[in-house]
Each structure stands twice: as structure tokens, then as C-alpha cells.
1. Pairs of alpha-carbon atoms within less than 8 angstrom and 6+ residues apart define the contacts here; what relative contact order does the chain have, in percent?
2. Set the bar at 24 Å for Cα to Cα. Now go through LYS88/LYS214; LYS184/LYS214; LYS18/LYS214; LYS184/LYS217; LYS85/LYS217 and name every pair that lies beyond it.
3. Kindly express, to the nearest 10 degrees and within the range 0 to 90, the angle between helix 149-165's C-alpha long axis and the longest C-alpha principal axis of the chain.
4. Go through 214-227, 92-105, 63-76, 169-182 and give me the packing order, highest mean Cβ count within 10 Å leading.
5. Which FRET efficiency, nearest 0.05, do SER227 and GLN205 yield, Cβ-Cβ r, R0 22 Å?
6. Indicate, rounded to the nearest 5 percent, the antiparallel portion of the DSSP beta bridges found entirely in the chain.
7. So what's the chain giving for Cα Rg divided by 2.2 N^0.38 Å, two decimals?
8. Go through ASN20, HIS42, GLN218 and say which Cα lies farthest out towards the positive end of the charge dipole of the chain; charges sit on Cβ, +1 for Lys and Arg, -1 for Asp and Glu.
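No lab work stands behind these numbers, since they all come straight from the coordinates. These numbers were taken from a predicted model, which means no experiment stands behind them. Heads up, the Cβs are rebuilt from the backbone with ideal geometry, glycines too, and the neighbour counts pull from every protein chain shown.
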Amino acid sequence: MSIIKPYTFYPKQIIEEKANQLLTQAKNDNYPLNWGAGITHHLLDVLDLNTLWEIIPNDNQGQIVAKIEPSKRLITLNENISELKNNKGFQQSTIAHEIGHWELHINQDEGDGLIQQLELSLNSLTEEKSFLCRVTGEENIHKIKLKIQDDRREWQAQYFAGCLLMPDYKLHECRKGRDLTIWKHLYAIADELCVTISNLIYRLQNLGWIYITKGSKQIYKGPKYIS
Ligand SMILES: [Zn+2]
């Protein structure tokens, strides 16, 4: 069995459920989720995953933002990308995206098995398989043409990231006393959840709470807007 699962179609609802399960797991393990400071480091603890800042060189397809190497339980963030270092929301989104790959696309038992195998045999030539992620924000993920299964997996990981960082119940809390058609209020919510404004807008549009027409800055109430 490969460490990376064959491509599977997941409906949005299933991806959301999987993200909620992880949040519940963190809650059950008594990990206090500090939303304003970003929740991903708690979740990495829950999953026993590590992060590392390192230069990831470009390959023939261009820049790589981050990668996950399942057998090492390691997420590497590209320290050459200054925005990734300086923008906490983008950093959160990227780590949550990699957690998405871990939860959706990786045979986790197989990952542990591989580590044992490597420890047992120094001569074993185990091919290191990893996800190389080029787009880890909402700004460009919707532009992916979803033609190949790798791209669909990238979309799934990013959708998972949105559900994880902005769960429905948390958005309901944040919207109290606010008007989602006012930019200032949206920026305040993005700040409270430690996400980028693009993360938030994409998520709210997906939920049908708001919509913004292309090329416009005007925010409209979506079909599922709750006053
Ligand atoms: Zn990815």
C-alpha cells in the first residue's frame, strides 16, 4: 500500500466533517484553542506533526510554498517566501492546508510503518513521497483548473484548511453584532480568527453568507445570510 492514498472524491460536507472531527479531538484532549493567536500549532501537537523552516528550492514547475513528508511527520515551510514568514494568516492557511493533506490523502498507519522500516534497514531504498504545495491560499486555489487528480487534491486540502480555521460555529460567534457586508467588520473577524481576508471571504462565499461580484468591492448578502 502506498503512503499516499489513491485519489478519492470527497464532497464538501465530508471535508468539513473531517475538519470538525479534528477540532473536536483537540477539544477532547483539552488543548485550549487560542483563535486569535492561531490554532494550528495546537493541532500539530494533537496530530504529532512537526514543522521546519527551510529553503525549498524551485523545481521545474516553479515555486514551492510548503511540503509535507508523511514518513517524517514533517511539514516544511519555505523560508525564502517572506510573506509566509510575516503574514500570520497566510502561515496558518499553509499549515492548515498541509494538515488537510495529512487528514485526507495520507495512509497514516503506513507512515509509521515506513519509519519502522527505515529504522530496521539502513539499506532500504524507500522512495520519499511528499506533497509539494505551490498554492496554499484562497487567492489562487479557485483558479486551479482541476484537470488532474493532484490539482483536485490541492483544492481539497485548501477547502479543508478553510473549514478548519473558520468552522461554522466559530463564524456564528464572530458574526454577532457585525454586518458581513461591511469590509471593516470582515477585517475584524479575519483578525480574530488569525486568517487572511481572502481566506475569510472565500469561506463566507462558500457558505452562501455573502457574495462579491467579480471586479467589484461591493459585498452583498448571500442566499444563506442570517440577519
Ligand atoms: Zn498541497
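1. 22 percent.
2. Cα-Cα > 24 Å for LYS88/LYS214; LYS18/LYS214; LYS85/LYS217; rest within.
3. Computed tilt is about 60 degrees.
4. Peptide ranking by packing, descending: 92-105, 63-76, 169-182, 214-227.
5. It comes out at approximately 0.80.
6. Looking only at bridges with both residues in the chain, the antiparallel portion is about 70 percent.
7. So the chain has a normalised radius of gyration of 1.05.
8. Selected residue: GLN218.
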